[in-house]
Amino acid sequence: MTAMPDTSAGRVFRVNKTCLRAIALVVVARIFIWPHEVVTDPFVLRAFQSFLQNPMPQIASSRRRLLGSGAAALGLLHQPVADLRDSRPAQMESALAQASKLIYDPSLSRIFETATKLFHNPSHRLEKGSASLLNTFPDNLIICMGEEHNHPRHHAAEFSMLKALRDNTPQHLPVSLGLEMFDGTQDHAAALDDFVFGSDSLSDLKRRTDWDETWGWRISHWAKLLSFAKANRMRVVGLNAPAKVSDFVERHGISGLLGRPRFPEVDLSDKAHWRRFLASRPGLAAARATTISELARAYEAQTLREEWMAQSIAAHAREAGGRILTIMGRNHVVERHGVPNRIQRRLGDWPAPFTVLLQGAEWDPKDGSLPKCGKFPDESHADWLWYMEHLKGCPTN
């Protein structure tokens, strides 16, 4: 196991050694606490092997974070013996959820409502009842949530939102889920339908959508959302442009594709959107661009993805109606310039999309009731800012 070649190599080695001691402690403890067949379960052994093969964290600022990361990777957190024969995705969800509680404090979570300038505790204000924040939602509504793709508390918030949306929506109204992580294409739509309404497993869905090539982040981040949708027969809609199309635009530009059948209308005239793109340089192509033409092509590819997502959402809204929770990267939602305004352009007779930005923040250790954020954004930024702790630990994908 080698450290990164920088001046902190000695510190990295010490942290790695501590990681291994923590792993050994957990393994030994589980040998005496769990039945023999659990410790020798092939799933557990593969998880242990995978953890040893993956790069160790360069910095571990607390023992709590270290133990949580090791426990999540190993899948060795305590579960009742009766649950050991659950499906592998269910075991994985349980392990990750319990590890997240070791790393993060779930109580450090507040929704800031920009219209009223009020903070709300999601544990209470998303529950079904007269005090729910969702009671004012119209029957037909699109909610755009912007996430950091590898933040476990963001995924926990998304699950809370999806569950609350189902619980607070009359049964005669459909609730559906739109995900940037899947393509808005016929083959991905068929795979998602066979997963939700058929007998396909999460592994089948990953294989049929060529997940590792088309998206690449760990599917475990969204496993709980997908499992909830399947359990409730809730349609899941892929939103994104196929990677081969956006890659083509990054290399050659978009002009040769505009106007083709089923190709979305692409608006490149939004100056505020362009300025924000220049300031943030989202995506690898934009970050690597060294000429104005390369940057322009990266912007065209970014805008194409957003138009494709907006078209996918609008088409599903026209067909199904009801309430639609859509999840995508924060950059596509902030200030409503990415996907939300492009949805509104297509659905002028629907309410404007409701926007929720998931936001990391510092919290006062003495008074954890509110985040330390200074000046809070106004309604032009989003409808809700959902604050929680910053991303921690070693996961990078």
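Return yes when residue 207 is of a type in the set (D, E, K, R) and modelled with pLDDT under 95 and no when it is not. It is false that residue 207 is of a type in the set (D, E, K, R) and modelled with pLDDT under 95.
Under the condition of being buried (at least 19 other Cβ atoms within 10 Å of the Cβ) and either touching a Pro at 6+ places or on another chain (Cβ under 7 Å) or not β-branched (Val, Ile, Thr) (or both), the residues counted in region 228-254 number 10.
Select the strands (runs of 3 or more DSSP E) contained entirely in region 108-198, then report the ones holding at least 2 residues which are open to solvent by less than 40 Å² (accessible area, probe 1.4 Å) and modelled with pLDDT of 95 or more.
Once the strands (runs of 3 or more DSSP E) in region 108-198 are filtered for at least 2 residues that are open to solvent by less than 40 Å² (accessible area, probe 1.4 Å) and modelled with pLDDT of 95 or more, what remains is 109-113, 141-147, 175-183.
Each row is one residue, and each column tells you yes or no for (1) in contact with a Gly (Cβ under 7 Å, 6 or more places away or on another chain); (2) modelled with pLDDT of 95 or more; (3) assigned to a strand (DSSP E or B); (4) aliphatic (A, V, I, L, M).
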residue	(1), (2), (3), (4)
286	no, no, no, yes
290	no, no, no, no
300	yes, yes, no, no
305	no, yes, no, no
308	yes, yes, no, no
319	no, yes, no, no
324	yes, yes, yes, yes
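Of the residues making up region 223-247, those that are farther than 17 Å from residue 322 by Cβ and of a type in the set (Lys, Arg) are 224, 230, 244. Looking across 378, 349, one residue alone is acidic (Asp, Glu), in a loop (DSSP other than H, G, I, E, B) and either in contact (Cβ under 8 Å) with a residue 40 or more places away in the chain or farther than 27 Å from residue 141 by Cβ (or both). It is 378.
Pairing residues of region 196-224 that are closer than 17 Å to residue 149 by Cα with residues that are aliphatic (A, V, I, L, M) and open to solvent by 50 Å² or more (accessible area, probe 1.4 Å), at Cβ distances under 7 Å and at least 6 apart in sequence or on separate chains, gives 220/92; 220/96; 223/92. Answer with yes or no whether residue 315 is surrounded by 17 or more Cβ atoms within 10 Å (Cβ to Cβ), over 22 Å from the mean Cα position of the chain (by Cα), aliphatic (A, V, I, L, M) and assigned to a helix (DSSP H, G or I). It is false that residue 315 is surrounded by 17 or more Cβ atoms within 10 Å (Cβ to Cβ), over 22 Å from the mean Cα position of the chain (by Cα), aliphatic (A, V, I, L, M) and assigned to a helix (DSSP H, G or I).
If I filter region 351-377 down to residues being closer than 30 Å to residue 233 by Cβ and touching a strand residue (DSSP E or B) at 6+ places or on another chain (Cβ under 7 Å), which single residue comes out as most open to solvent (accessible area, probe 1.4 Å)?
351
If you take the residues of region 351-382 that are closer than 26 Å to residue 339 by Cβ and among the aromatic types (Phe, Trp, Tyr), which of them is modelled with the highest pLDDT? Walk me through how you get there before you give the answer.
Start the filter on region 351-382 by keeping residues that are closer than 26 Å to residue 339 by Cβ, which leaves 351-361, 371, 373, 375-382.
The next check asks that each one be among the aromatic types (Phe, Trp, Tyr); those that pass are 354, 376.
Numbers: 354: 98, 376: 84.
So, considering only residues that are closer than 26 Å to residue 339 by Cβ and among the aromatic types (Phe, Trp, Tyr), the one modelled with the highest pLDDT is 354.
So for region 327-346 (the condition being modelled with pLDDT under 95, part of a loop (DSSP other than H, G, I, E, B) and either more than 19 Å from residue 180 (Cα to Cα) or open to solvent by 50 Å² or more (accessible area, probe 1.4 Å) (or both)), does at least one residue qualify? No - not one qualifying residue is present in region 327-346.
The values are calculated or read from the model by the stated rules, or taken from the named source; none is laboratory data. Note that the structure is a prediction, hence the values are computed from the model and not measured. With ideal geometry, Cβ positions are generated from the backbone for all residues, glycine too; neighbour counts draw on all protein chains shown. With ligands, DNA and RNA removed, areas are computed over all heavy atoms of the protein, side chains included. Shrake-Rupley method; radii C 1.70, N 1.55, O 1.52, S 1.80 Å.
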